[in-house]
Each structure stands twice: as C-alpha cells, then as structure tokens.
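K.L.:
Following this message is one structure expressed as structure tokens.
The values are calculated or read from the model by the stated rules, or taken from the named source; none is laboratory data. The structure displayed is predicted, hence computed values, not measured ones. Here the Cβ positions follow ideal geometry from the backbone for every residue, glycine too, while neighbour counts run over all protein chains shown.
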Amino acid sequence: MPQSESQENERISSLVEANKLISRAQKKIEHFVRQPYGYAIRFIRRGPETVLIVPPIARGGNWLYEWMKAYSQQNSTGEKVQITFRVGMEPWINEFPLLQQLTIKDEDIRFRSLRQIGVNPRINENFTPLQISRFISEVLLTSPLFSEHRKHALDVVTPTSLVINVRRGDYYSNPHIKYQFGIDTVRYIRKALEQLLNDFQPTQIILVSDDLDWCTEHLDFLTNIAPTRFEKIGKTMFDDLAVLSVASNLILTNTTFGYWGAYIASKEHNARVLAPNVHERSTQHERVPPQHLKGWISIEPDAGSWLD
C-alpha cells in the first residue's frame, strides 16, 4: 500500500532528526525515572502485558525486529507482548496475519501496561538462533499469502541463481538520508562479485530493487557474467521479499528489507549471503553491522568506506 507524499515526508523528516530525537527521548526518560512520580508510575504499571513502543522513524524491516521481539518475549514469559501500531503496517499484517496478535493501537493500551522502548536491530545480541528460527517458521512462513509468493518465486529462482538486492529510493534522493546511508553501490557490487566468482558461477542474475531503471542503467555489466533479469517478479514488495527468501546466493546492500529476505534464506537453506561491512554512518566504527547474521560474508572495500 503506497504511502501519501505527506506521510513519506513526515517519515523522512523523522529519520533526518532520528539521532537528535532518540537522544532527547533518552534524556527525558532518564530524568523522568529519577522523579518521585516516575517511581510511582512504575509501581502502578505492573502489567502483566507489555507494550513495545515503536518510533515513527521505523519501517517494514525494522518493524519485523519489533514483532520478533514481542513474539520471543511472549514465548519466554507467557504474558502478552505487543508492539504499537504505526501507519503503513496494514500490508504487513495482511501478508502475515499472525502479526495482528502482536500489534496494539495506542488507544487500546491500558494505563497499567508495562512499556518498553522498541528498536531491536542487533540481531545476534537481542535474539538467540532459536528465537529467530521460531519467528520465521511460526509467524512468517505460516502465512498462506507469503507461501504463494515464495512458490511463484521458485518458478524463476534456482539454486544456481544469484539474486542481488539494491536499495535506492530516499537513501539517495534525500541528501540527509544519503549522507547517513548512501553507499557507492556500483563499486560495492563489483567487489562483492569479485569475491563471489572465485568459487561460484551463476547461471542467471536476478535484480530485486525499488529502482530497477537505475539498475538497468548502472549495472549493465552484470550481463557479461550471466543472463540478467532487470524485470520485477510479481507485483508487490512481498514478491520481492519472497525472491530474496528462496535464493541460495545473495548479494545485499544495506537495507533491513534485504536482511529479512536473507534471514529467511539463511534459516531455510543456509544461503550464501554477501553484504557490505557498513550499514550506516553512525555505526561505521563497528567491525560488522549489528543486523548481520553470523556466517554472512562481510565485503570490505579496498580502501576507505562504501559510504558515499
């Protein structure tokens, strides 16, 4: 379901100010809990249910971390855990119906409900392999709609296919977001291919992207390696996710949407996954991005950084 221009602008503005907003929120929370009324509120709010507060800057891939956190915590404690509903979640809940049970609207939150701040992208720190596997198997792969999308994807994707996920959109159209997330995509893909082709020769290359026209113009060198498909498979973003999820060989750019496709592919058939060694500027000091699974191949540049 496409977002209106005003909603998208609001999201972009929120993302641009994300670091400032998070810092301010943390300071307010720290101040609040030190006050007498902060202790009183915590005394009153005893649940037993818990609500994970999702910030407005999040979108699909980031929401899935929160839903997985709610599902895992609920399985662990036996108490109800839900995340706050945000505009744009409707298509995800429609695609994966069990997410509805893990979601609550702001107006339905009880005063006594326990609250936690969301944002849990550090997958290896925040989740065990079993929790990741259970969420994928019991919530995502039980969806009839997504199963159909995966079945259709398997009509095209074979074990010897290479699927490349390229994130464009506001990562590059908005200068502030580009500064934080924009990478030298062409240079990165060439480097990832250089490593992959040492021991694998794809029979076809499939592009999954929110800007296939850009891919056609800038990644035409792929046709020298193998027949390359620059056309979309299916019609929706969940067709794209399905293609990623059934691939045995993946080259990702820095996008949580792509990561989730690769999480499923890694869990289902131990896919070979290559990804850049940086997700965003604010975490570029980390050796491996916190969204990467152990076992993924981290592609490092010959010099400098992938960040534009």
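K.L.:
Quick check, is residue 136 touching a helix residue (DSSP H, G or I) at 6+ places or on another chain (Cβ under 8 Å), in the same structural domain as residue 65 (by TED's automatic domain parsing), of a type in the set (A, V, I, L, M) and on the phi < 0 side of the Ramachandran plot?
P.N.:
Details: touching a helix residue (DSSP H, G or I) at 6+ places or on another chain (Cβ under 8 Å): yes; in the same structural domain as residue 65 (by TED's automatic domain parsing): yes; of a type in the set (A, V, I, L, M): yes; on the phi < 0 side of the Ramachandran plot: yes.
Judged against the criteria, residue 136 is a match.
K.L.:
Can you find a residue in region 263-271 that is closer than 23 Å to residue 183 by Cα and out of contact with any helix residue (DSSP H, G or I) (no Cβ under 7 Å at 6 or more places or on another chain)? Working first, answer last.
P.N.:
From region 263-271, those closer than 23 Å to residue 183 by Cα are 263; that's our starting set.
With the extra rule that they be out of contact with any helix residue (DSSP H, G or I) (no Cβ under 7 Å at 6 or more places or on another chain), the set shrinks to none.
The answer is no, given that none of the residues of region 263-271 is closer than 23 Å to residue 183 by Cα and out of contact with any helix residue (DSSP H, G or I) (no Cβ under 7 Å at 6 or more places or on another chain).
K.L.:
I've got another one for you. Specify which of the listed residues (49, 90) is of a type in the set (Asp, Glu), touching a residue at least 60 places away in the same chain (Cβ under 8 Å) and in contact with a Lys or Arg (Cβ under 9 Å, 6 or more places away or on another chain).
P.N.:
On the way: 90 fails: in contact with a Lys or Arg (Cβ under 9 Å, 6 or more places away or on another chain).
Result of the check over 49, 90: 49.
K.L.:
Residue check, residue 156 against (1) surrounded by fewer than 18 Cβ atoms within 10 Å (Cβ to Cβ); (2) at pLDDT 95 or above; (3) in a helix (DSSP H, G or I), all met but one. Which one?
P.N.:
Among (1) surrounded by fewer than 18 Cβ atoms within 10 Å (Cβ to Cβ); (2) at pLDDT 95 or above; (3) in a helix (DSSP H, G or I), residue 156 violates only (3).
K.L.:
Filter region 148-164 down to residues that are more than 15 Å from residue 271 (Cβ to Cβ) and under 19 Å from the mean Cα position of the chain (by Cα), then give me how many there are.
P.N.:
Total satisfying the criteria: 1.
K.L.:
So how many residues does region 88-122 have that are assigned to a loop (DSSP other than H, G, I, E, B), under 23 Å from the mean Cα position of the chain (by Cα) and either over 21 Å from residue 149 (Cβ atoms) or not assigned by TED's automatic domain parsing to the domain that holds residue 54 (or both)?
P.N.:
If we filter region 88-122 for residues that are assigned to a loop (DSSP other than H, G, I, E, B), which is where we start, we get 88-89, 96, 105, 109-113, 118-122.
Narrowing the set further to residues that are under 23 Å from the mean Cα position of the chain (by Cα) leaves 88-89, 96, 105, 118-122.
Still in the list and also either over 21 Å from residue 149 (Cβ atoms) or not assigned by TED's automatic domain parsing to the domain that holds residue 54 (or both): 105, 118-122.
The total comes to 6.
K.L.:
Are there helices (runs of 4 or more DSSP H) fully within region 167-218 with at least 3 residues that are touching a residue at least 12 places away in the same chain (Cβ under 8 Å) and of a type outside the set (A, V, I, L, M)? List them. Break it down stepwise before answering.
P.N.:
Working: elements: 170-173, 175-181, 185-196, 212-218.
Because the criterion is at least 3 residues that are touching a residue at least 12 places away in the same chain (Cβ under 8 Å) and of a type outside the set (A, V, I, L, M), the helices (runs of 4 or more DSSP H) in region 167-218 that meet it are 175-181, 185-196, 212-218.
K.L.:
crowded, with 21+ Cβ neighbours inside 10 Å, in contact with a helix residue (DSSP H, G or I) (Cβ under 9 Å, 6 or more places away or on another chain), of a type outside the set (A, V, I, L, M) and modelled with pLDDT under 95, is that true of residue 179? Talk me through it step by step, then tell me what you get.
P.N.:
Numbers: crowded, with 21+ Cβ neighbours inside 10 Å: no; in contact with a helix residue (DSSP H, G or I) (Cβ under 9 Å, 6 or more places away or on another chain): yes; of a type outside the set (A, V, I, L, M): yes; modelled with pLDDT under 95: yes.
Here the answer is no, as residue 179 does not meet what is asked.
K.L.:
So which of 300, 286, 268, 280 is of a type in the set (Asp, Glu) and within 18 Å of residue 126 (Cα to Cα)? Please lay out each step first, then the result.
P.N.:
Working: 300 fails: within 18 Å of residue 126 (Cα to Cα); 268 fails: within 18 Å of residue 126 (Cα to Cα); 280 fails: within 18 Å of residue 126 (Cα to Cα).
Within the list 300, 286, 268, 280, the selection yields 286.
K.L.:
With surrounded by fewer than 19 Cβ atoms within 10 Å (Cβ to Cβ) and touching a Ser or Thr at 6+ places or on another chain (Cβ under 7 Å) as the only criterion, which of 285, 218, 269 stands out? So that I can check it myself, show each step before the final result.
P.N.:
Values: 285 fails: touching a Ser or Thr at 6+ places or on another chain (Cβ under 7 Å); 218 fails: touching a Ser or Thr at 6+ places or on another chain (Cβ under 7 Å).
One residue alone meets the criteria, 269.
K.L.:
Can you tell me which residue in region 123-146 is nearest to residue 70 (Cα to Cα), limited to those that are among the β-branched types (Val, Ile, Thr) and part of a loop (DSSP other than H, G, I, E, B)?
P.N.:
The first filter runs over region 123-146 and keeps only residues among the β-branched types (Val, Ile, Thr), leaving 123, 128, 132, 136, 139, 142.
Right, trim to part of a loop (DSSP other than H, G, I, E, B) and you get 128, 142.
Details: 128: 14, 142: 17 Å.
Residue satisfying both the conditions and the ranking: 128.
Rundown of residues vs (1) at pLDDT below 60; (2) more than 28 Å from residue 261 (Cβ to Cβ), yes/no style:
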{"residue": "22", "(1), (2)": "yes, no"}
{"residue": "38", "(1), (2)": "yes, yes"}
{"residue": "53", "(1), (2)": "no, no"}
{"residue": "56", "(1), (2)": "no, no"}
{"residue": "74", "(1), (2)": "no, no"}
{"residue": "86", "(1), (2)": "no, no"}
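K.L.:
Also: Hey, among 137, 147, which residue is small (Gly, Ala, Ser), surrounded by fewer than 16 Cβ atoms within 10 Å (Cβ to Cβ) and closer than 22 Å to residue 294 by Cβ? Working first, answer last.
P.N.:
On the way: 147 fails: closer than 22 Å to residue 294 by Cβ.
One residue alone meets the criteria, 137.
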